[in-house]
Amino acid sequence: MRAWLRQHRQALAGALGKLTAQKYAAVLNALVIGIALALPAGGYALLASLRSLATGASLDPQLSVFLRAEAKRPELEALARKLQSDPRVREARYIPREQALKDLQATEGLAEVVAALNRNPLPDAWVVRPRAAPGAELEALAQELRAQPAVAHVQADAAWARRLAALAGTARLAIALLAALLAFGLVAITFNTIRLQILTQRAEIEISKLIGATDAFIRRPFFYLGAVQGLAGGLLALVLVWGGLAALNTGVADLASSYGSSFRLAFLAPGDALTLLPFSCFLGWLGAYLSVSRYLLEIEPR
Amino acid sequence: MISFSGVAKRYSGGYEALRGVSFAIAEGEFAFVAGHSGAGKSTLLKLIAAIERPSAGAVLVNGQNVGALKRAAIPYLRRNLGLVFQDQKLLYDRSVFDNVMLPLSFGELSGREAARRACAALDKVGLAAREKANPVQLSGGEQQRLAIARAVANRPSILMADEPTANLDAGAAAQILEIFAAFNQVGVTVLVSTHDEALIGRFARRVLRLSQGSLSA
């Protein structure tokens with residue numbers, strides 16, 4: 001056990017020694033890996049921020065039924081009866097125009113706009129939460145409501161939220177594909193760096209093998225080399241993402257404040273950031289494993 | 001200790017390096033493998049160390065069938081064999097001392113014990129004073145002795161050398177053989193291949209004479 005630990009310590013020390021002996025190559029490799037990882041990680045962080053923006057809106061379908069200002073009382077009562085008795089309606093809430101104006105006033109950035117109005121431009125409205133999912137049935141309900149004489153306009157509020165959700169889903173898939181591609185790239189990068197390292201140590205490896213070193217002994221320092229390189233690349237990726245988002249945020253802050261919002265792009269959640277490191281470490285190890293195993297098979301006497 | 005029975009080695013391309021070779025070497029014996037270059041001397045030694053595998057027949061080392069060893073078992077066989085290669089295979093990116101340390105780092109020795117054994121091995125071949133030098137700075141005879149020190153560092157029970165005197169003058173060659181004789185005296189089985197008949201004549205030992213891949217009496 002102690003001997004085993006010592007061998008690992010020696011292998012790690014050897015790997016770190018090689019990295020410091022070739023500082024520039026090591027830094028460049030870490031940079032290449034870091035940039036490759038920063039792209040999907042940054043995309044993921046952007047997407048997470050946008051999603052938090054979208055969750056402010058309900059994804060449940062909702063119908064806003066705006067009433068004509070000149071609607072007659074019996075027409076209004078007929079509409080109210082229909083909304084309260086229709087089996088397709090789960091809940092219907094009446095929002096008088098004074099209430100709507102107050103809500104609008106409370107909305108960030110719109111207070112000044114509302115204050116500038118000299119009269120309330122908003123209509124009375126019903127907010128309807130249907131039982132039906134978006135589709136033909138909901139469309140039929142909207143059509144019937146549109147036909148009511150008291151109704152000026154019916155709006156299906158879920159449409160934009162659904163579009164956003166679909167867009168976010170597509171973006172997520174694109175990022176997953178990008179991440180998979182770049183993970184392959186990372187394995188290929190370490191495969192190649194480790195191969196170069198192997199070639200500079202070819203004599204030592206072949207002699208070691210001839211005089212009794214096990215394959216595990218020969219592999220070990222290269223595993224550490226690959227893993228340390230992957231880890232350094234992962235750390236660098238986090239720094240790049242953090243720096244990139246910070247730079248973007250100065251622009252985003254200006255844009256958001258012009259809308260009266262304090263929205264900012266958020267950095268990766270701590271959990272996500274931490275999973276990136278073992279993942280990049282593993283990819284580096286994998287590249288080293290493939291490279292060394294291949295080489296050991298090549299020099300295996302037949 | 002080492003026994004060949006009906007061993008043949010055919011390389012891809014049809015060249016037959018060894019055919020029907022049978023012999024046995026007892027523990028503690030000292031034997032020469034003699035013959036012209038191309039007679040199969042190197043192949044014979046490589047078969048013992050599982051660097052090559054026989055095409056037919058069985059090679060036994062300490063009762064183990066070396067030709068049938070699993071890949072993972074081969075390193076442990078080699079640690080019990082001291083190998084001196086024809087081209088020495090020294091590492092020129094490190095000191096004499098670190099060359100001897102290489103095989104000692106594979107096993108479970110502590111750093112201090114490994115260093116102690118490396119010093120002892122260098123001492124036995126008379127290179128203790130040169131431990132900090134680079135192998136390039138050594139003479140041909142000294143390089144050969146360094147190769148021997150590395151081979152014996154793990155205290156193997158069998159020591160094998162492939163043409164260890166090939167590029168040395170008679171004096172240095174005799175010195176090398178004295179070192180092998182000294183190890184043999186403390187119980188190490190020694191197998192030395194050479195084409196130098198004068199040398200074989202001077203050291204009266206058992207001779208396995210190879211000619212075109214076969215043993216002659």
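The values are calculated or read from the model by the stated rules, or taken from the named source; none is laboratory data. Everything numeric here is computed off the predicted structure, so don't read it as measured data. Using ideal geometry, Cβ is built from the backbone for each residue, glycine included, and neighbour counts are taken over all protein chains shown.
Pick out, from the range B:171-217, the strands (runs of 3 or more DSSP E) lying fully within it that include 3 or more residues that are hydroxyl-bearing (Ser, Thr, Tyr).
On the way: elements: B:189-194, B:206-211, B:214-216.
Ranges flagged: B:189-194.
Of the residues A:ALA125, A:ALA100, which is surrounded by 12 or more Cβ atoms within 10 Å (Cβ to Cβ) and either closer than 21 Å to A:ALA78 by Cα or not small (Gly, Ala, Ser) (or both)? Talk me through it step by step, then tell me what you get.
Working: A:ALA100 fails: either closer than 21 Å to A:ALA78 by Cα or not small (Gly, Ala, Ser) (or both).
Criteria check complete, one pass: A:ALA125.
When the range B:57-84 is limited to residues that are surrounded by fewer than 18 Cβ atoms within 10 Å (Cβ to Cβ) and at positive phi, the one that is nearest to the other protein chains (Cβ to nearest Cβ) turns out to be B:ASN62. The single condition among (1) without any contact (Cβ under 8 Å) to a residue 24 or more places away in the chain; (2) surrounded by 17 or more Cβ atoms within 10 Å (Cβ to Cβ); (3) away from chain A (no Cβ under 11 Å); (4) not polar (S, T, N, Q) that B:VAL96 does not meet is (1).
Go through the range B:120-139 and give me each residue that's among the small types (Gly, Ala, Ser) and within 14 Å of another protein chain (Cβ to nearest Cβ). Please lay out each step first, then the result.
Step one: filter the range B:120-139 for residues among the small types (Gly, Ala, Ser), giving B:120-121, B:126, B:128-129, B:133, B:139.
Correct list: B:ALA121 only.
Of the candidates B:SER22, B:SER42, the single residue that is surrounded by fewer than 14 Cβ atoms within 10 Å (Cβ to Cβ) and more than 19 Å from B:VAL152 (Cα to Cα) is B:SER22. Annotation note: of A:LYS102, A:LYS18, the sole residue that is within 14 Å of chain B (Cβ to nearest Cβ), modelled with pLDDT under 85 and not in a loop (DSSP other than H, G, I, E, B) is A:LYS18. Given the residues A:ALA142, A:ALA174, which is the only one that is assigned to a helix (DSSP H, G or I) and modelled with pLDDT under 85? A:ALA142 is the lone residue from the list that is assigned to a helix (DSSP H, G or I) and modelled with pLDDT under 85.
A:ALA21 - would you say it is surrounded by 20 or more Cβ atoms within 10 Å (Cβ to Cβ), within 30 Å of B:ARG112 (Cα to Cα) and not hydroxyl-bearing (Ser, Thr, Tyr)?
Numbers: surrounded by 20 or more Cβ atoms within 10 Å (Cβ to Cβ): no; within 30 Å of B:ARG112 (Cα to Cα): yes; not hydroxyl-bearing (Ser, Thr, Tyr): yes.
So A:ALA21 does not fit the description; no.
The lone criterion from (1) closer than 23 Å to B:ASN184 by Cα; (2) charged (D, E, K, R); (3) in contact with a strand residue (DSSP E or B) (Cβ under 6 Å, 6 or more places away or on another chain) left unmet by B:GLU16 is number (1).
Residue-wise test of (1) free of Cβ contacts under 8 Å to residues at least 12 places away in the same chain; (2) in a loop (DSSP other than H, G, I, E, B); (3) under 23 Å from B:ILE179 (Cβ atoms).
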position	(1), (2), (3)
B:GLY28	no, yes, yes
B:PHE32	no, no, yes
B:HIS36	no, yes, no
B:PRO54	no, yes, no
B:GLY67	no, no, no
B:ILE74	no, no, no
B:PRO103	no, no, yes
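Among the residues of the range A:262-302, the one identified as within 14 Å of another protein chain (Cβ to nearest Cβ) and either under 26 Å from the mean Cα position of the chain (by Cα) or small (Gly, Ala, Ser) (or both) is A:SER293.
Can you confirm whether B:LEU210 is crowded, with 17+ Cβ neighbours inside 10 Å and at pLDDT 95 or above?
no
Taking the range B:140-156 as the range and being β-branched (Val, Ile, Thr) and within 12 Å of chain A (Cβ to nearest Cβ) as the test, only B:VAL152 passes.
If only one of A:ARG146, A:ARG220, A:ARG202 is loosely packed, with under 15 Cβ neighbours inside 10 Å and within 14 Å of chain B (Cβ to nearest Cβ), which one is it? Give the steps one after another, and end with the answer.
On the way: A:ARG146 fails: within 14 Å of chain B (Cβ to nearest Cβ); A:ARG220 fails: loosely packed, with under 15 Cβ neighbours inside 10 Å.
Only one candidate passes the filter, namely A:ARG202.
Of the numbered criteria (1) part of a helix (DSSP H, G or I); (2) surrounded by fewer than 17 Cβ atoms within 10 Å (Cβ to Cβ); (3) polar (S, T, N, Q), the one A:SER262 fails is (1).
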